[in-house]
1. Summing +1 for each Lys or Arg and -1 for each Asp or Glu, what net charge is found among the other residues whose Cβ lies under 13 Å from the Cβ of SER288?
2. Can you tell me the equivalent ellipsoid semi-axes for the chain? Use √(5λ) from the Cα gyration tensor, largest first, whole Å.
3. Kindly state, to the nearest 0.05, the FRET efficiency for LYS43 paired with THR205, given R0 = 22 Å and r defined as their beta-carbon distance.
4. Per DSSP H run of n ≥ 4, the term is -39500 (n - 2.57); total these for the chain, divide by its residue number, and report the mean residue ellipticity at 222 nm rounded to 500 deg cm²/dmol.
5. Taking R0 as 25 Å, what's the FRET efficiency between LEU226 and LEU271 from their Cβ-Cβ distance, rounded to 0.05?
6. For region 36-125, what is the Kirkwood hydrodynamic radius in Å, using each pair of distinct C-alpha atoms?
7. Identify, among PRO245, LEU179, MET152, the residue whose Cα sits farthest towards the positive end of the charge dipole of the chain, taking +1 on the Cβ of Lys and Arg and -1 on the Cβ of Asp and Glu, with the dipole about the Cα centre.
8. In nanometres, what is the gap between the two model label sites at VAL281 and ARG252, each 7 Å from Cα along Cα-to-Cβ?
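Readers should treat all values here as calculations from the given coordinates under stated rules, not as data from a laboratory. Values in this document were obtained by computation on a predicted structure and should not be read as measured data. Cβ placement follows ideal geometry from the backbone for every residue including glycine, while neighbour counts extend to all protein chains displayed.
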Amino acid sequence: MRKRSILIMTLVAMMLFTLGQTVWAFKDVKNDANEQKISELKKLGILSGDKNDKFNPKSKLTYAEGVTLIVRGLNLNIDHIRFIKEPKASDYFTNLKDNAWYSQSFIIASLNGLEIPKTVKASDIMTREQFAHHLFKAMLTKGDYAFIEMFMLLEDEDDVNKDYMDSIQKLLISKIITLDSSNKFYPKKAITRSEAAGWLYNAITFVKETTPIPNLPEQPALDLKLSVNAVNSDINKVTVSAQAPHPGYGLRIASIGFEGNEAIIYVETVLPDPDKMYPQVITDVQVSTYVDAKLKPVLPVSAQSSESSTGSAAITE
């Protein structure tokens, strides 16, 4: 009797396990190369199938599906933006409807810098290079990641849109995507729903397991001044000075560029030692270098970016 009870319990457990596996699996992904990843994404509520619970893994991915997939998978949002008026998809894209199931995803994608073409149509088929680029841009919203400085060789490199190459390279280096046995990427080929799910799963895993580079302390905007004093008839001493918030800051000459008869003096701010305390008193800082007296020392055009809005629709907090 006891053996029979154990057998029944075992059979029930096996049935429940099998049922659980079935619940989280689409009917048409068995033996697909990304079957496990697709099932995991379905568990997370990122993927959904059609009314027959089919995923159609071999079908081509549309832009509406692809953008929604990336936004949902990497949990992108616009919670950090305060809107003056309700944003609409047509504010950012000329061919999209404002009340469609994909509209909000396109708004979020645009405001998160995914670089979606402004003239895109929801039904446009997304290529492998397009999905790769938008996916990588979405990853960057989660942090600044360190990548090995190397260039992966592609046999079909000439077919890649140069604006997408950096994104593709970073995804290859981080093994989020791979080349085939011929070292080809097929950038212009339509990406399938299965491939997109696999890449997205890998991207989510990368973001979850990789620590971003810590943000550097914000550098103060220094008002640089330049003075020139003759050392002799051939050499001038060039001094760059500024006022800093406290004596922990400094200046250094980063480089000197030459253009015509001008010597362009590039200066960097030396940041304070984070382990030291400094009196909060305005301090004069300066750094000097020497240039040929025949050249006119100048500072580069200011690289400081003034605040700018993203239009009348939104204000970033």
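1. +3
2. 53, 24, 22
3. 0.95
4. -9000 deg cm²/dmol
5. About 0.70, to the nearest 0.05.
6. Taking every pair of different Cα atoms in region 36-125, averaging 1/r and inverting gives 14.1 Å.
7. Result: LEU179, furthest along the dipole toward the positive end.
8. 2.6 nm
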